[in-house]
Amino acid sequence: MYKYLIILASIMISTIANAKQLPTVFVSILPQKYFVQRIAGNSVEIQVMVLPGESPASYEPTPQQMVKLSKANLYFSIDVPFEKKWLPKIKGLYPDLAIIQTDQGIKKRPMHAHDHHQMDHHHTPDPHIWLSPPLAMLQARHIYTALTKHYPENKTFFTDQYHQLITQIVALDTELLNILSQAKHKSFMVFHPSWGYFADAYGWHQMPIETEGKDVKPSQLAHLIDNAKKNHIKVIFAQPQFSVKSAKLISKSIGGKLIMIDPLSLNWPENLKIVARKMVNQ
């Protein structure tokens, strides 16, 4: 019996060793993995740069990730802050790695903007474009184009998957519009201004507590509490990558709730629906 187990194990090891290795592609954040996976299926191995719980603002690749990058074919960027420092280095080390800008052609809102009318260019551009379904469709198009160019043998499969994804995003957009149109008051408060594009897409008003990494002053807290009360806000969204001290203080002062929502969730469509329902039910 032991002899047969040894033979079986040898066959399995040999099979694994001889199996065709999938091409590797990298993305910066988990929501991008969702889009790539929906289009590419199991035809590629997807590596995510920013690990769960980490912040795209300060992330640094691990040595293991740098090794895997040497074997990758594609890198789908999205213009999150750490890319500005690391993508030039990665491109210098691996000149054959194709870097695909999935944010190409998308006009960025400034991080400080409270609505879509404040579109000056004197502040840091908001990178959170994946939180808007209409903008997500543009990102999906860039992903689809790059995949079909680099792996033309799978074009028929990619095309079918891409069309299914776009159909689902359109359906999600309609569902979110129906949910969010039910609210009487269309303002919501967040600690970090991650949801500006989401707000713009559905006619809502994002009120951030923190902007551009600056600490909140006591005088600002009083103003934020007053604004929250005036706008009938009872829910404050925070995310695990940032401190929630100020958000907790405000939620307590207005008799509201602090809700943790991660804009970097892999379950992209469900995450947006959860946020929409929380906004309406505050």
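None of the figures in this text is laboratory data; all of them are computed from the coordinates on show. These numbers come from a predicted model, not from an experiment. Virtual Cβ from ideal backbone geometry, glycine too; neighbours counted across all protein chains shown.
Given labels modelled 7 Å from the Cα in the Cβ direction, how far is it in nm from His150 to Lys68?
Reported label-point gap for His150 and Lys68 is 1.4 nm.
Check the straight Cα-Cα distances from Lys71 and name the lysines below 30 Å, setting aside those fewer than 8 residues away within the same chain.
The qualifying lysines are Lys20, Lys33, Lys84, Lys85, Lys89, Lys91, Lys149, Lys155.
When each pair of different Cα atoms in the chain is counted once in the 1/r mean, what is the Kirkwood radius in angstroms, to one decimal?
Values: mean 1/r = 0.0482 Å⁻¹.
Kirkwood hydrodynamic radius for the chain: 20.7 Å.
Rounding to the nearest 10 and keeping the result within 0 to 90°, find how far the Cα-based axis of helix 30-40 lies from the longest principal axis of the chain.
Orientation of helix 30-40: about 50 degrees from the principal axis.
Can you compute the charge dipole magnitude of the chain about its Cα centre, using +1 on each Lys and Arg Cβ and -1 on each Asp and Glu Cβ, nothing else charged? Give it in debye, rounded to the nearest 20. Walk me through the numbers on the way to the answer.
On the way: 30 positive and 21 negative charges, 100 e Å.
The dipole of the chain has a size of about 480 debye.
Taking R0 as 51 Å, what FRET efficiency do you get between Ile99 and Ser253 from their Cβ-Cβ distance, rounded to the nearest 0.05?
Numbers: r = 46 Å, r/R0 = 0.89.
Given R0 = 51 Å and the Cβ-Cβ separation, E is 0.65.
Would you list which lysines come within 25 Å of Lys234, measuring only between C-alpha atoms, while excluding same-chain residues fewer than 8 positions from it?
Leaving aside lysines fewer than 8 places away in the same chain, those within reach of Lys234 are Lys184, Lys186, Lys214, Lys217, Lys245, Lys248, Lys252, Lys257, Lys273, Lys278.
Any chance you could get the radius of gyration and Dmax over the Cα atoms of region 242-282, in Å?
Radius of gyration, then largest Cα-Cα span, for region 242-282: 11.8, 33 Å.
Before rounding to the nearest 500, sum -39500 (n - 2.57) across all DSSP H runs of length at least 4 in the chain and divide by the residue total; then give [θ] at 222 nm in deg cm²/dmol.
Working: 10 runs with 134 residues, N = 282.
Result for the chain: -15000 deg cm²/dmol, rounded to the nearest 500.
Roughly how tilted is helix 133-150, in degrees to the nearest 10 and between 0 and 90, from the longest Cα axis of the chain?
20 degrees
Order these peptides, 157-164, 127-134, 180-187, by their mean beta-carbon neighbour count within 10 angstrom, highest first.
Numbers: 157-164: 16.1, 127-134: 22.1, 180-187: 14.4.
By packing density, highest mean first, the sequence is 127-134, 157-164, 180-187.
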